[in-house]
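Asker: The structure under discussion is supplied below as structure tokens; questions concerning it will follow.
Just so you know, all these numbers are worked out from the coordinates, no wet-lab data involved. Values in this document were obtained by computation on a predicted structure and should not be read as measured data. Virtual Cβ from ideal backbone geometry, glycine too; neighbours counted across all protein chains shown.
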């Protein structure tokens, strides 16, 4: 655990928000990456399937943003679950990555 020095000389561990982001990072580059394979291919396949289903083009970055919205809906309609925030942060990061990489071939 990283110790963060505060301005008044007191040290403490990372904030709960930082811990959640670290969990999202570990999921993106760890467990989920191994479980679901290449993220661009995975989101590309989902985009193709959703495109056929809804009858309009969905891009991989759109899939990631819609998954963020899914997590928001779950949090809004159910009881609080920290995993919703962790997963939403991960999906938002993937949306940015996919948008930066472009949607060529999908």
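Asker: Using bins 5 angstrom wide from zero, how does P(r) for the chain break down, in % of all Cα pairs?
Answerer: 2, 12, 17, 19, 17, 12, 9, 5, 3, 2, 1, 0
Asker: Gaussian network model of the chain, Cα springs within a sub-10 Å range: biggest mean-square fluctuation belongs to which of 56, 74, 32?
Answerer: Evaluated over the chain, the most mobile residue of the options is 56.
Asker: Using only alpha carbon pairs under 8 Å that are at least six residues apart, calculate the relative contact order of the chain and give it in whole percent.
Answerer: Once divided by the residue count of the chain, the mean separation gives 26 percent.
Asker: Could I ask something else about it? Modelled label-to-label distance, residue 45 and residue 70, 7 Å Cα→beta-carbon offset: nm?
Answerer: Rounded to a tenth, the inter-label distance reads 1.4 nm.
Asker: Next question, about the same structure. Could the peptides 76-83, 64-71 be put in order, highest first, of the mean number of other beta-carbon atoms found within 10 Å of their residues?
Answerer: In descending order of packing, they fall as 64-71, 76-83.
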